[in-house]
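Accompanying notes for the structure given below.
The values are calculated or read from the model by the stated rules, or taken from the named source; none is laboratory data. Since this is a predicted model, take the numbers as computed values, not measurements. For neighbour counting, all protein chains shown are included, and Cβ atoms are generated from backbone atoms with ideal geometry for every residue, glycine included. Protein only, heavy atoms only, side chains kept; ligands, DNA and RNA dropped before computing areas. Shrake-Rupley method; radii C 1.70, N 1.55, O 1.52, S 1.80 Å.
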Amino acid sequence: FIERERAFIHATNLLSSRLRTANMSESSPAEVFAKISEKDEKSGKWMILSLNKKKKAVVDATGDGLESLRKAFDEGKCSWALFRVHGVDVQENVTSTRPKLVQINWVGEKVSAFAKMGALEGKQKVSKIFKGIACSFDANGSDDVSADEIVKKLCASGGAHKPVYYDFGCDEKIQLEFYQKK
């Protein structure tokens, strides 16, 4: 009886996983972008787009957290990711949270020279979907996609006032030291 119950639970989990994948691929890139960029969405949400054979942008994957994003990139593809980070400013009487959308232009290390030429075309198509990007950067390997790199790009592109920390979701935060008391 216990073995049958385990098999049932495994089959249910497998089916649930397949349904999430099917639902994700049925959503348009613009719909997934709209969800991630909603005012009250949590930090750490991400999506990856690529171009299909008809040169149309399609959603490859979605998820939570920087580590899962790093693992989702395909070394044999050109793709574009959107990652949501929150800049959190904590003052004595108020805490403000500002969402920041980061675009990552991915050309995997195993992408052929011919396929790399298509990356520019894809970048132009993705720019019509990803609106309000705080910063973007290019990456070729998972080591290029780090919280430190994102913070460096956000700080370089931001205004004079910096947040106290950046929240990457999944309990990953990076404190900035602009306002440390001496």
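So which trypsin sites (Lys or Arg not before Pro) in the range 94-147 are both in a DSSP loop and have at most 13 other Cβ atoms within 10 Å of their Cβ? Hits after loop and neighbour filter: Lys110, Lys128, Lys131.
The Cβ shell under 9 Å around Lys110 holds other residues with a net charge of -2, Lys and Arg each +1, Asp and Glu each -1.
For Glu41, project a label point 7 Å along Cα to C-beta. Then give me every residue of the range 111-142 with its amide nitrogen under 12 Å of that point. What the label zone holds, given the 12 Å backbone N cut-off, is 130-133.
Once you list every other residue whose beta carbon is under 14 Å from the beta carbon of Ala156, what net charge do they have if Lys and Arg are +1 and Asp and Glu are -1? With Lys, Arg at +1 and Asp, Glu at -1, the neighbours total +2.
About its Cα centre, how strong a charge dipole does the range 32-182 have in debye, to the nearest 20, once Lys and Arg get +1 and Asp and Glu get -1 at the Cβ?
So the dipole magnitude of the range 32-182 works out to roughly 740 debye.
Remark on Lys100: its backbone amide H falls under 5 Å from those of Val85, His86, Gly87, a criterion applied only to residues 5 or more positions apart or on other chains, H modelled at 1.01 Å from N.
Note the direction-averaged projected area, equal to a quarter of the hull surface, for the Cα convex hull of the range 37-121, in nm².
Its Cα hull, projected and averaged over all orientations, spans 6.6 nm².
With all protein chains kept in place, the per residue accessible area of the range 66-137 amounts to 53 square angstrom at a probe of 1.4 angstrom. In the range 96-147, the portion of solvent-accessible area held by carbon and sulfur atoms comes to 52 percent [1.4 Å probe, whole percent, DNA, RNA and ligands not counted]. When the C-alpha to C-alpha distance is required to be over 20 Å, none of the pairs from Lys42/Lys173; Lys153/Lys173; Lys100/Lys131; Lys152/Lys173 qualifies.
Could you pull out every one of the aspartates and glutamates with an alpha carbon less than 13 Å from that of Lys110, ignoring same-chain neighbours closer than 8 positions? Straight-distance partners of Lys110: Asp74, Glu75. Applying a DSSP loop filter and a limit of 15 other Cβ atoms within 10 Å to the GluC sites (Glu not before Pro) in the range 98-182 leaves Glu109, Glu172, Glu177.
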